[in-house]
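The values are calculated or read from the model by the stated rules, or taken from the named source; none is laboratory data. What you see is a predicted model, and the numbers here were worked out from it, not measured in a lab. FYI the Cβ positions are ideal-geometry reconstructions off the backbone, even for glycines, and counts take in every protein chain you see.
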Amino acid sequence: MTAEVQEEYRRRYGGPDGDASPIDPAQFLLPRGMFLAGYVDGAVAAMGGWRRGGPAGPSDAEIKRMYVRPALRGRGYSRVVLTELERTAAAAGITRLVLETGLEQPEAIALYRSCGYQSVEPFGFYAGYDDSVHLAKRLESAQSASVTP
C-alpha cells in the first residue's frame with residue numbers, strides 16, 4: 001500500500017519520486033513510532049503512522065503516510081485512523097502531532113482542520129516548498145491510556 005500512496009503523490013504532484021522525504025521504517029516501531037493499517041473485508045483499506053520528533057523535539061511526533069484507498073474514501077476511515085494515531089501518540093507521551101501535506105490534497109487539509117489541526121511554521125523536509133501546508137495539534141494527556149509493544 002505504501003507503493004500505492006507514492007503513486008498517488010506522483011499523480012497529484014508530478015515528478016518521478018512521489019514523497020521524497022526520507023523515511024526509515026524502523027522509525028515507526030514502538031517506542032519511536034507506530035504504523036497502523038485498517039482493514040475492510042480482510043483487505044487493507046487505510047493506513048497511517050507517526051514517528052517521534054518534530055520542530056519541538058521528542059515531545060512532537062510527525063504523522064506520515066495517511067492514506068485511504070480511492071474506492072473506500074468518504075466512509076470515515078481516515079478519521080478512524082487519525083483518531084487512533086492521536087490516541088496512541090498521546091499514550092506514548094507525545095504532546096503534539098505535526099504533519100506536512102500539500103495543496104494538491106485539499107481533502108486531507110479539510111480532514112486535519114476539521115480535527116483541530118492548525119497552521120504552524122514550516123518545518124522539516126518540505127519547509128521550503130510553496131505548495132506545502134504544515135499543521136499541528138496539541139494532544140490531550142493520556143495518563144490512563146497505555147501502548148504496549
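Which of the residues belonging to segment 105-121 are modelled with pLDDT of 95 or more, over 17 Å from ALA90 (Cα atoms) and either in a loop (DSSP other than H, G, I, E, B) or touching a Phe, Trp or Tyr at 6+ places or on another chain (Cβ under 7 Å) (or both)? Of everything in segment 105-121, those that are modelled with pLDDT of 95 or more, over 17 Å from ALA90 (Cα atoms) and either in a loop (DSSP other than H, G, I, E, B) or touching a Phe, Trp or Tyr at 6+ places or on another chain (Cβ under 7 Å) (or both) turn out to be VAL120, GLU121.
Working carefully through the options VAL5, VAL44, find the one that is in contact (Cβ under 8 Å) with a residue 40 or more places away in the chain, surrounded by 12 or more Cβ atoms within 10 Å (Cβ to Cβ), more than 18 Å from LEU99 (Cβ to Cβ) and among the aliphatic types (A, V, I, L, M).
Details: VAL5 fails: more than 18 Å from LEU99 (Cβ to Cβ).
Sole residue among the options that is in contact (Cβ under 8 Å) with a residue 40 or more places away in the chain, surrounded by 12 or more Cβ atoms within 10 Å (Cβ to Cβ), more than 18 Å from LEU99 (Cβ to Cβ) and among the aliphatic types (A, V, I, L, M): VAL44.
Note on segment 47-67: residues that are free of Cβ contacts under 8 Å to residues at least 24 places away in the same chain and hydrophobic (A, V, I, L, M, F, W, C) total 0. Condition first: modelled with pLDDT under 95, surrounded by 12 or more Cβ atoms within 10 Å (Cβ to Cβ) and under 18 Å from ARG52 (Cβ atoms). Now tell me which residues in segment 122-149 satisfy that. The answer is PHE123, GLY124, PHE125, ALA142, ALA145, VAL147.
Does LEU99 count as closer than 20 Å to ILE23 by Cα, surrounded by 14 or more Cβ atoms within 10 Å (Cβ to Cβ), modelled with pLDDT of 95 or more and in contact with a helix residue (DSSP H, G or I) (Cβ under 8 Å, 6 or more places away or on another chain)? Break it down stepwise before answering.
On the way: closer than 20 Å to ILE23 by Cα: yes; surrounded by 14 or more Cβ atoms within 10 Å (Cβ to Cβ): yes; modelled with pLDDT of 95 or more: yes; in contact with a helix residue (DSSP H, G or I) (Cβ under 8 Å, 6 or more places away or on another chain): yes.
So LEU99 passes the test.
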